[in-house]
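K.L.:
Dropping the structure in here first, questions after.
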Amino acid sequence: MKITLDEIEISALYAFLKGREGDLDTQLLPILSRMEQILYQQLSIDELERLTSSLDIEK
C-alpha cells in the first residue's frame, strides 16, 4: 500500500516533528529522517525552507 502526501502536507508534518525532535520516540526519529531525505530530494533547500517557515506550527 502506498500513501501519497502533497508537498504542503509532508512539509507541515516535517516541521511539526522537527520542532519536537528532542521529544520524539525512537520509532519516530527514522520516520523524520526519511521525510527529510524525501523532501530534500524533491524540493530545493530554498523551497523547503520557504514552505516550513510559512507554516504556523506551535511547539
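None of the figures in this text is laboratory data; all of them are computed from the coordinates on show. Model, not experiment: these values are computed from the prediction. Positions of Cβ are generated from backbone atoms using ideal geometry, with glycine treated the same way; all protein chains shown enter the neighbour counts.
K.L.:
Can you give the extra length, in nm with one decimal, that the chain gains between Leu5 and Thr26 once fully stretched, where that is 0.36 nm per residue apart less the Cα-Cα distance?
P.N.:
5.3 nm
K.L.:
Ranking request for peptides 38-49, 9-20: highest mean number of other beta-carbon atoms within 10 Å first, then the rest in descending order.
P.N.:
Numbers: 38-49: 12.3, 9-20: 16.4.
Order by mean packing, descending: 9-20, 38-49.
K.L.:
While we're here: Assign unit charges at the C-beta atoms only (+1 for Lys and Arg, -1 for Asp and Glu), then state the dipole size of the chain relative to its Cα centre in Debye, rounded to the nearest 20.
P.N.:
The dipole of the chain has a size of about 200 debye.
K.L.:
Of the labelled options (1) 1.07; (2) 1.11; (3) 0.95, which one gives Rg/Rh (Cα atoms, Kirkwood Rh) as computed for this structure?
P.N.:
After the calculation, the listed value that fits is (3).
K.L.:
Checking understanding here: applying a Kyte-Doolittle mean of at least -1.0 and a length along the axis of at least 18 Å (C-alpha), which whole DSSP H helices in the chain pass?
P.N.:
Sorted by number, the helices that extend far enough and score high enough are 29-42.
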